[in-house]
1. Give just the number: which of (1) without any contact (Cβ under 8 Å) to a residue 40 or more places away in the chain; (2) surrounded by 13 or more Cβ atoms within 10 Å (Cβ to Cβ) does R49 not satisfy?
2. I need the strands (runs of 3 or more DSSP E) fully contained in segment 167-254, keeping only those with at least 3 residues that are modelled with pLDDT of 80 or more.
3. Being in contact (Cβ under 8 Å) with a residue 60 or more places away in the chain and out of contact with any Cys (no Cβ under 9 Å at 6 or more places or on another chain) is the filter here; which residues of segment 100-120 pass it?
4. Just checking, which of L104, L115, L83 is surrounded by 12 or more Cβ atoms within 10 Å (Cβ to Cβ) and in contact with a Gly (Cβ under 7 Å, 6 or more places away or on another chain)?
Amino acid sequence: MDTRDKIVDLHKAGMGYRTIGKQLGEKATTVGAINRKWKKLKMTVNLPRSGPPRKISPRGASMIMRKVRDQPRTTQQDLVNDLKRAGTTVSKKTISNTLRSHGLKSCSARKVPLLKPAHVQARLKFASDHLDDPEEEWEQVMWFDETKIELFGLNSTRSVWRKKDEYNPKNTIPTVKHGGGNIILWGCFSAKGTGRLHRIDGRMDGAMYHKILQDLEKVCMEEWAKIPAAVCANLVKNYSKRMISVMANKVFCTKC
């Protein structure tokens with residue numbers, strides 16, 4: 001039997017706190033506290049504790065949530081400063097924990113094509129017009145586009161606070177397809193596989209890059225040729241889902 005239960009039983013039998021304490025090797029004050037707990041709660045086990053109070057009040061949490069919703073690129077230090085001005089001093093770690101508890105996480109801002117109003121309207125019209133097209137019709141389509149391959153990787157990135165798969169324009173960095181230190185490639189594919197890959201000649205930043213860019217072009221050609229037809233077929237097969245994603249994300253850029 002648990003010591004606390006023994007204390008209660010002995011007290012019920014008429015034994016005093018001091019006597020119980022001497023018999024069980026406990027202080028009289030401990031015996032008294034256990035009996036009072038029993039009389040009040042009808043139990044002797046320890047209740048779950050709520051833990052320390054939150055360092056950020058519900059009002060403070062609402063304030064920083066509103067800030068990152070309006071400005072996803074807000075830094076943790078910015079939020080620390082905002083709360084300090086409001087009379088609450090916390091660390092950046094506390095800020096991070098609070099945002100994560102509300103379903104947000106820090107992510108690198110995804111780079112997406114720059115969409116002008118005309119592009120947005122065109123995407124909406126295309127998605128609406130072709131939403132119900134059968135898969136067999138998409139299998140007859142040849143898809144083509146051009147892309148920029150960076151010589152030294154991606155340009156500088158920015159972090160944003162967002163929820164999973166939240167690609168609102170505030171959470172992305174618009175990009176354009178032309179610039180220095182890169183090559184521009186044009187390629188095509190259909191459900192049956194990839195087609196030719198062509199380099200689009202353009203102005204480069206310095207003659208010293210010429211040979212390196214040629215090597216980069218060769219690598220891109222080789223990797224393009226390795227793409228299996230099954231990958232292309234799957235892209236075409238899921239195209240109707242991409243239409244739904246476009247409309248669900250209010251015609252802005254999607255993960256697809």
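The values are calculated or read from the model by the stated rules, or taken from the named source; none is laboratory data. The shown structure was predicted, so the numbers you read here are calculated from the model rather than taken from an experiment. FYI the Cβ positions are ideal-geometry reconstructions off the backbone, even for glycines, and counts take in every protein chain you see.
1. (2)
2. Hits in segment 167-254: 182-190, 193-200.
3. G103, C107, A109, K111, L114, V120, listed by residue number.
4. Of L104, L115, L83, the one residue that is surrounded by 12 or more Cβ atoms within 10 Å (Cβ to Cβ) and in contact with a Gly (Cβ under 7 Å, 6 or more places away or on another chain) is L83.
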